[in-house]
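Below: the structure, in C-alpha cells.
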Amino acid sequence: DAEITQSPRHKITETGRQVTLACHQTWNHNNMFWYRQDLGHGLRLIHYSYGVQDTNKGEVSDGYSVSRSNTEDLPLTLESAASSQTSVYFCASSAGQASMSSRGGEAFFGQGTRLTVV
Amino acid sequence: QKEVEQDPGPLSVPEGAIVSLNCTYSNSAFQYFMWYRQYSRKGPELLMYTYSSGNKEDGRFTAQVDKSSKYISLFIRDSQPSDSATYLCAMSGGGTSYGKLTFGQGTILTVHP
C-alpha cells in the first residue's frame, strides 16, 4: 500500500542547532507539503512543492527551508532551531488537479514528528 | 484576522446526539471545501469534501457549503464514542492554488457513552 512516512517521530534538540525532518511518500504524488500544528492555530503551512525542483514558501516559512530533488522526498530543515519552533510537524502529499483521484486536492498525511527545542 | 475561523470548542455530547461543526472564511477564491478528522497523536484524514456550494451526505455525515455566506458545516448524526476526535475544516482554491490547504483551528469533539 502507498504511504507517507516521517522520521524521526520524536526529537529533542538544542537551540541553535540545525535539524532536518524527513518525509518520504510512495503515492507518486507531485504535490508535497509541510505543516506545523500548534494549539489554537490548527495546521499552518510552512513550505510546499508542486514537483521536482519546485519549492514555495507558505504562511510560516521563516527559519525553515526545503528542497525537492526527487518525487518521493521533501526534507524540512530548521536552519537554527528556536524554542518557538517546538511543535508537531506534519508532512502531506496530494495528487495534482488533473488527476482523476484528486478529490479536491485531498492530502494524505504522515504520522507527524514531535519536535522539542530546549 | 485568520482566513478560516473555526470554533475550537471543546465540544462534549452524549452518544446519539446530533453534532454541528462550523467554519467561516474570508477568501472568496476558495472552491474546494473539506473536513478532516484527526485522532489523538495521528495525522489528519479526509472525511468529506465538497466542490463549490451544496450539500453532500455520506452515511451519518453531511457536509454543507454556502459560498454566498462563506460558511461551511459538518453534521454528524447518531454520534458515537468512536467519533471522538479533532475535526478540522480545510479549503483551497483552484489553478495554481489547487491542493494548497488552509485549515481552521480544529474543534475537539468528545462523545460520551
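The values are calculated or read from the model by the stated rules, or taken from the named source; none is laboratory data. On a predicted model such as this, the values are computed, not experimentally measured, just so you know. When we count neighbours, we look across all protein chains shown, and the Cβ atoms used for this are built from the backbone with ideal geometry, even at glycine. To get the accessible areas, we keep the full protein, side chains included, count just its heavy atoms, and leave off ligands, DNA and RNA. Shrake-Rupley method; radii C 1.70, N 1.55, O 1.52, S 1.80 Å.
Some values worked out for this structure:
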| item | result |
| --- | --- |
| Scan of region B:4-17 for residues that are over 9 Å from B:GLY104 (Cβ atoms) and not in a strand (DSSP E or B), ordered by number | B:GLY9, B:PRO10, B:GLU15, B:GLY16, B:ALA17 |
| Which numbered condition B:GLN38 misses (of (1) facing chain A (nearest Cβ under 9 Å); (2) at pLDDT below 95) | (2) |
| Inter-residue pairs, beta-carbon under 6 Å, first over 27 Å from A:THR15 (Cβ atoms) and in region A:51-71, second not β-branched (Val, Ile, Thr), 6+ apart | A:GLY51/A:ASN30; A:VAL52/A:ARG68; A:ASN56/A:TYR48; A:ARG68/A:SER49; A:ARG68/A:LEU74 |
| Residue count for region A:80-110, restricted to those that are open to solvent by 30 Å² or more (accessible area, probe 1.4 Å), in contact (Cβ under 8 Å) with a residue 40 or more places away in the chain and more than 19 Å from B:GLY99 (Cα to Cα) | 3 |
| Entirely in region B:30-113, the strands (runs of 3 or more DSSP E) that have 3 or more residues that are open to solvent by 10 Å² or more (accessible area, probe 1.4 Å) and farther than 18 Å from B:PRO10 by Cα | B:45-51, B:54-58, B:61-66 |
| Spans of strands (runs of 3 or more DSSP E) in region A:1-79 with at least 3 residues surrounded by 15 or more Cβ atoms within 10 Å (Cβ to Cβ) and of a type in the set (Ser, Thr, Tyr) | A:42-51 |
| Residue pairs meeting the criteria (Cβ under 9 Å; at least 6 apart or on separate chains; first of a type in the set (Asp, Glu), in region B:71-91; second surrounded by 22 or more Cβ atoms within 10 Å (Cβ to Cβ) and not in a strand (DSSP E or B)) | none |
